[in-house]
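This is the structure, below, for whatever I ask next.
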Amino acid sequence: MNPDAHQLWRAPRWALAVLLAMLGMLGPFSIDTYIPAFSGIADSLAATPVQMQQTLSAYLFGFAFMSLFHGALSDSVGRRPVVLWGLAAFTLASMGCALSQSIGQLVFFRAVQGLTTGAGIVVSRAVVRDMFPPAQAQKVMSQITIYFGVAPAIAPMIGGVLFAQLGWHSVFWFLTLVGVLLWSANYKLLPETLHVTQRQPLKVSNLLQGYWKLGLDPRFVLLALASGIPFNGMFLYVLSAPAFLGEHLGLAPTQFFWFFVLTISGIMGGAWVSGRVAGKLAPKQQIRNGFLIMLGIAVVNLLANMLFKAHVAWAMLPITIFAFGWALMVPVVTLLVLDLHPDRRGMASSLQAFIASSANGVVAGVIAPLVMHSTVAMAAATLVMMCVGLISWVYLHHRWPEIGRSV
């Protein structure tokens, strides 16, 4: 924690949470806003479904790759420069998407978007721990998750309206505007939270040493898996929204927002509960409760889809409950990751984001196309991914029982 933290931000704590949540919202906006325009983009650019899926995969793999460096760079040059340069590059990439005349160009600029989006998302986590002690940091992280949850709920609504009224190009011009506004807000308001005495040398050897240290720490890897892989249990449905909502549930693109509203309500509810019990309930108990909720509802979801034809009246509810369980435990796991190596918080955030984003890319490019044809297959994939995270946590808890014990 920065010893001068109390002097860097004198406004209410929730105001900083809003500013950091705005950085986190950039990722959901970059994905969810253009999903309702999938069909229009495909028709306009003569793109196949596989090529359209590549616009998602390119973004996610770009995000995963550059996530390795955003946090590590912020440990050396500071949090603020990395955020501002990342937002500037994202804005230019969004303009490139809006001006694309072929599917190849769109895939390229989507990859550039992915390379730049992570700057704010990754660094904002480190900023929280720079500014607050553990219990307060959990409350702020929970507040960020709540505010962050607004983005996926409203992004598809905005995208659907823009696509219907102005065409698919307008979706990316909207993202360009978002980039400009975020850059301006952070330029004026975001303080430099990394204390000068905590900066790491900007040397390749030092970076490699840090990656080696974290990558070989099984506690770090298991915690990253415990938070990142279960997320894909619900993210699979987001990626498969055109098939799940359009084909299986028979919804029009302008009705997709109902799914996002329900799912994000689950995330916001789980994050709110997490913040309420911060400092009262041991972290490992919160994590256990989150996994029990996800496991129970994932099993129910699979059985329901095996026994009944998916219907809009009930098929979205299990994903909402799953999202609640994930949001209940993820602020705690994230802080445990950041506190394993306090001198490398930026790098830890980077590697955590890299593991999660790599999994996202695999789900988008491989798993989603394989299972989106069947609601049973989608439910089974969700259960499997949740179990990967659960097994990681159970092994960690057995091997290092002291982690997450203190309130």
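Convert each backbone phi in the stretch 25-30 into a coupling constant with the Karplus relation 6.51 cos²θ - 1.76 cosθ + 1.60 (shift: θ = phi - 60°), then list the ³J(HN,Hα) values in order as whole Hz, x for Gly and Pro.
Per-residue couplings from phi come out as 5, 4, x, x, 4, 5 Hz.
Once phi is turned into ³J(HN,Hα) by the Karplus curve 6.51 cos²θ - 1.76 cosθ + 1.60 with θ = phi - 60°, what whole-Hz value does each residue of the stretch 201-214 show in order, with x for glycine and proline?
Each residue of the stretch 201-214 in turn: x, 8, 10, 4, 4, 5, 5, 5, 4, x, 4, 4, 4, 6 Hz.
Mean separation of Cα pairs under 8 Å and 6+ residues apart, divided by the residue count of the chain: what relative contact order is that in percent?
Numbers: 680 pairs, mean separation 110.6, N = 407.
Result for the chain is 27 percent.
Sticking with this structure for a sec: Lysines within cross-link reach of K280: Cα-Cα under 21 Å, excluding same-chain residues under 8 positions apart?
K139
Can you give the helix-only mean residue ellipticity at 222 nm for the chain, where every DSSP H stretch with n ≥ 4 adds -39500 (n - 2.57) and the sum goes over all residues, rounded to the nearest 500 deg cm²/dmol?
Calculated at 222 nm, the ellipticity per residue is -26000 deg cm²/dmol.
For L307 and V50, calculate 0.36 nm times their separation in residues minus their Cα-Cα distance, and state this gained length in nm to one decimal.
On the way: separation 257, 0.36 × 257 = 92.52 nm, distance 3.03 nm.
So the chain would gain 89.5 nm between L307 and V50.
What do you get for trypsin sites (Lys or Arg not before Pro) in the stretch 115-212 restricted to DSSP loop and a cutoff of at most 11 other Cβ within 10 Å of the site's Cβ?
On the way: sites: R125, R129, K139, K188, R199, K203; in loops: R199, K203.
Sites meeting the loop and neighbour criteria: K203.
On a full-extension model of 0.36 nm per residue, what is the gain between V394 and D343, subtracting their alpha-carbon distance, rounded to one decimal in nm?
15.7 nm
Would you mind counting up the charge near W14? Only other residues with Cβ under 15 Å from its Cβ, with Lys and Arg at +1 and Asp and Glu at -1.
Values: positive: R10, R13, K139, R276; negative: none.
It works out to a net charge of +4.
Still on this model: Within the chain, which is the longest segment that contains none of the chymotrypsin sites (Phe, Trp or Tyr not before Pro) sitting in a DSSP loop with at most 14 other Cβ atoms within 10 Å?
Longest run free of exposed loop sites: 1-307.
Continuing with the same structure: So, in Å, what gap is there between the alpha-carbon centers of the stretch 180-259 and the stretch 337-367?
7
Ok, one more. Trypsin sites (Lys or Arg not before Pro), restricted to the stretch 330-407: which are DSSP loop and have at most 15 other Cβ atoms within 10 Å?
Answer in residue order: R405.
Distances longer than 19 Å among the Cα atoms of the stretch 253-407: what percent of all pairs is that?
61
When N is the residue count of the chain, what does its C-alpha Rg come to as a fraction of 2.2 N^0.38 Å? Walk me through the intermediate numbers first.
Values: Rg = 20.1 Å, N = 407, 2.2 N^0.38 = 21.6 Å.
Its radius of gyration relative to the 2.2 N^0.38 Å reference: 0.93.
Across the stretch 167-182, in residue order, what do the Karplus-derived ³J(HN,Hα) couplings come to in whole Hz, using 6.51 cos²θ - 1.76 cosθ + 1.60 with θ = phi - 60° and x for Gly and Pro?
x, 5, 4, 5, 4, 7, 5, 5, 5, 4, 5, 4, x, 4, 5, 5
Where a number appears in this text, it was derived from the coordinates with a stated rule and is not lab data. From a predicted model like this one, the values you see are computed outputs, not experimental measurements. Positions of Cβ are generated from backbone atoms using ideal geometry, with glycine treated the same way; all protein chains shown enter the neighbour counts.
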